[in-house]
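As structure tokens, the structure follows; a few thoughts come after it.
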Amino acid sequence: MELHVLPPGVVSRIAAGEVVERPASVVKELIENAIDAGAGKIDIECRGGGVEYICIADNGSGIPSDHVELAFERHATSKIGSLEDLTVVRTLGFRGEALPSIAAVADVELSTRSQDEALGTTLSLHDGRVVQRRRQPRSRGTTVAVRRLFQHLPARLKFLKSESTENGHSARVVSQYALAYPSIAFSLLQEERLALRTPGNGNVRDVVAQLYGAEVARAMLPVEHRADAVHVTGLVAPASLTRAGRGYLSTFVNLRWVLSPLLQRAVEEAYRGMLQEGRNAIAVLSIQLPPVELDVNVHPSKAQVKFANEQVVFRAVRDAVRTALSCSATATSALHRYAPPSEGRQSDWAIAEPEPQPSDSTPTIAAAETPASAALPPLRILGQALSTYLVAEGPDGLYLIDLHAAHERVVFESLLEQQKTRRVESQGLLAPLTLEASPAEAAALAELTGPLAGVGFALEPFGDRTYLLRAVPAALGGVDPVAALRDVLQELAGDSRGLTQERIAASVACHSAVRGGQQLTPQEMRQLVQQLEGCAQPRTCPHGRPTVIHFSTGHLERLFGRRL
Ligand code: ADP
Ligand code: MG
């Protein structure tokens, strides 16, 4: 092909691709515009996962009629005027790219009215071009409706995941902005279901209650810390209250939601030694620093930022979280007033004292000489050691069995068998338990209720995001069923590898198996070893970690220098 300059339509679609990756990117950009416009209320609706329809309505400043077309010009913005302004950006937007990018990949209708105008303006765009303009009365603010996203970009459409996964991404975006802006009342309707509503009363704990449930909201510890020019505020959960998924750390820098490995490490460092392996902290942290200390212009969707002084920010965040956690550990009598607004009353809640847990370091694995499928020899159980392992003697040496890994394998194979034979072994609960799902969990449940029933979780919708748990897998090893279910949801919702029966069985097995630390009776030990002996692949857990480590007689003799 001859060298040529691309036509403008092609250029704008390429540029749009950087800003608009999926429906959630549209939701993000339009929410940012509403926030920049000073809205106190933002209502979001998605249909068809957001591909069919996204609508965002705000009660902000609106756009004056003679500026509406301009808003769709590339690099048209009311937010910065010069290069210097870029160093002190205080608004979420500044590139003037969102509206033209969205209009390049979808049909857009924007209707708006500013404070001092009598009539509003509605503009319809198709293929990035204005096809209709109307004036009509409306309330102050702006409503943007986006239809048929990526209709001309089949490659983009193909890359999108299922409706519920896309809704999960959008719900996450809305959740994060709701946390960052508790004085804005957000509502999110997905496929005609209310996924989230926040009161907009300025109390971030109330937003946490909506997202993660009242129990978490009550237990969260306040963070308030200043170091140099860095001010850190927010809420962190005590180390005793954790989640299996990773999405529970929300960080905002100058009220912008960012994903920052630096901030994540700072938080992990603060919790170091307190969290069990595979568990994550719940935290909402807002970091304020002078705009000159920050470069927000490093990423097309502005999801990443660059700090001028990373060390200072890292230390400030780590110390802020540490202080919050240690205050809770010493001030045992500290009471925090909190009642979710829906309960309509104030009451005192004692903060659960976090129990520092010893860090769970991964055992060094002896070279697996035996294939994973090799059967186990008959074993004589000697006892339980370090509360985590069974010690046993076999015809050729000593065996250490990891309780959790072994139980995981047993449950996994039993669930696989149940899925295959459709003979579900579940255990009815006398009284149903309730699960208050977060918006993302509720989106995942839309897809997972059926598959979860196949392994014994009987779930029934009960109100917007509440579910009744009526039965659980019979194999659930003395763990809290709701917590186990939540962990399974988080793991499967974030999994891009697709929902095979095996993935589901592995996840349920992992979160329902006995944890190390549980003391087994001799009878329970014998039963576990027997079940493990009956497994097709007794030597590894479903994740591939060993269940059994074998010290052969020869190996022991060499270790003791009895033999060379
Ligand atoms: P940016 O946010 O980077 O300025 P956008 O393309 O997102 O660029 O928006 C362009 C302009 O349109 C904004 O600068 C603002 O003036 C106006 N605008 C967009 N959305 C809204 C809204 N919801 N309320 C008021 N003004 C808006
Ligand atoms: Mg914008």
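Results, tabulated for the structure shown:
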read-out	value
Residue match in region 386-399 (condition: among the aromatic types (F, W, Y) and either over 30 Å from S187 (Cβ atoms) or touching a His at 6+ places or on another chain (Cβ under 7 Å) (or both))	yes
Qualifying position, being touching a Lys or Arg at 6+ places or on another chain (Cβ under 9 Å), touching a residue at least 40 places away in the same chain (Cβ under 8 Å) and under 28 Å from S387 (Cβ atoms), among A446, A437, A405	A405
Those residues of region 54-73 which are near ligand 1 (Cβ under 8 Å from one of its atoms) and either more than 35 Å from the chain's Cα centre (by Cα) or open to solvent by 60 Å² or more (accessible area, probe 1.4 Å) (or both), in sequence order	H67, L70
Complete set of residues in region 8-30 that are modelled with pLDDT of 70 or more and open to solvent by less than 80 Å² (accessible area, probe 1.4 Å)	V19, V20, R22, P23, A24, S25, V26, V27, K28, E29, L30
Residue match in region 159-166 (condition: charged (D, E, K, R), in the same structural domain as G49 (by TED's automatic domain parsing), part of a helix (DSSP H, G or I) and surrounded by fewer than 22 Cβ atoms within 10 Å (Cβ to Cβ))	yes
Some residue of region 84-94 being buried (at least 23 other Cβ atoms within 10 Å of the Cβ), closer than 28 Å to L255 by Cβ and either assigned by TED's automatic domain parsing to the domain that holds V292 or more than 8 Å from ligand 1 (Cβ to nearest atom) (or both)	no
Any pair with Cβ under 6 angstrom, 6 or more apart, that starts in region 261-286 at a residue that is in contact (Cβ under 8 Å) with a residue 24 or more places away in the chain and ends at one that is acidic (D, E)	L262/E310; Q276/D360; E277/D360
From the options V146, V223, V216, residue that is in the same structural domain as I35 (by TED's automatic domain parsing) and of a type in the set (A, V, I, L, M, F, W, C)	V146
Single residue of region 106-128 satisfying the filter (open to solvent by 10 Å² or more (accessible area, probe 1.4 Å) and touching a residue at least 60 places away in the same chain (Cβ under 8 Å)) that is nearest to E52 (Cα to Cα)	D127
Residue list for region 270-280, restricted to those being surrounded by fewer than 22 Cβ atoms within 10 Å (Cβ to Cβ), within 18 Å of G247 (Cα to Cα) and aliphatic (A, V, I, L, M)	L275
Members of region 32-50 found to be more than 16 Å from ligand 2 (Cβ to nearest atom) and outside any loop (DSSP other than H, G, I, E, B), listed by number	K41, D43, E45, C46, R47, G48, G49, G50
Those residues of region 301-318 which are surrounded by fewer than 17 Cβ atoms within 10 Å (Cβ to Cβ) and more than 22 Å from E32 (Cβ to Cβ), in sequence order	A308, N309, E310, Q311, V312, R315
Residue within region 46-53 that is surrounded by fewer than 21 Cβ atoms within 10 Å (Cβ to Cβ) and touching a Phe, Trp or Tyr at 6+ places or on another chain (Cβ under 7 Å) present	yes
Region 28-45, residues that are within 11 Å of ligand 1 (Cβ to nearest atom) and of a type outside the set (A, V, I, L, M, F, W, C)	K28, E29, E32, N33, D36, G38
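Yes/no matrix, rows are residues, columns are (1) open to solvent by 20 Å² or more (accessible area, probe 1.4 Å); (2) within 16 Å of ligand 1 (Cβ to nearest atom):
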residue	(1), (2)
V130	yes, yes
R134	yes, no
R140	yes, yes
R148	yes, no
Q151	yes, no
L179	no, no
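The values are calculated or read from the model by the stated rules, or taken from the named source; none is laboratory data. From a predicted model like this one, the values you see are computed outputs, not experimental measurements. No Cβ is skipped: glycine too gets one built from the backbone with ideal geometry, and neighbour counts run over all protein chains shown. Side chains included, ligands, DNA and RNA excluded: accessible areas come from the protein's heavy atoms. Shrake-Rupley method; radii C 1.70, N 1.55, O 1.52, S 1.80 Å.
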